[in-house]
Amino acid sequence: MGREFGNLTRIRHVISYSLSPLEQRALPHVLSKGVPNMLRRVRESFFRVVPQFVVFYLLYTWGTEEFEKSKRKNPAAYENDK
């Protein structure tokens with residue numbers, strides 16, 4: 001009848017190439033190039049990122065402990081109560 005979907009128009013001077021999905025490799029070079037690249041990037045940015053998280057964690061835990069201490073009553077203030 002007519003043209004099939006995907007070939008509805010004819011474009012001149014344009015060359016397109018395609019590869020069958022059965023011939024494609026889904027994850028090429030993941031283990032040989034991807035993992036070493038990830039390790040290199042983590043190693044390069046480790047000292048820029050981790051100290052900030054450590055300082056924030058220490059500050060947060062100190063603040064939480066001080067808040068819990070401030071909520072407690074002083075037992076010395078109630079020694080002479082009957």
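Taken together, the values in this text are just the output of simple stated rules run on the coordinates, not laboratory data. Everything numeric in this text was worked out from a predicted model, so none of it was measured. Cβ sites come from the backbone with ideal geometry, for glycine too, and all protein chains shown count toward neighbours.
Each label was represented as a point 7 Å from its Cα along the Cα-to-Cβ direction; for GLU44 and SER70 these points are 4.3 nm apart. Calculated mean residue ellipticity at 222 nm for the chain: -16500 deg cm²/dmol, from DSSP H runs with n ≥ 4 weighted as -39500 (n - 2.57), summed, divided by the residue count and rounded to 500.
Once both labels are positioned 7 Å from their Cα atoms along Cα-to-Cβ, the gap between ARG25 and ILE11 label points is 2.9 nm. The distance separating the Cα centre of segment 55-82 from that of segment 1-36 comes to 65 Å.
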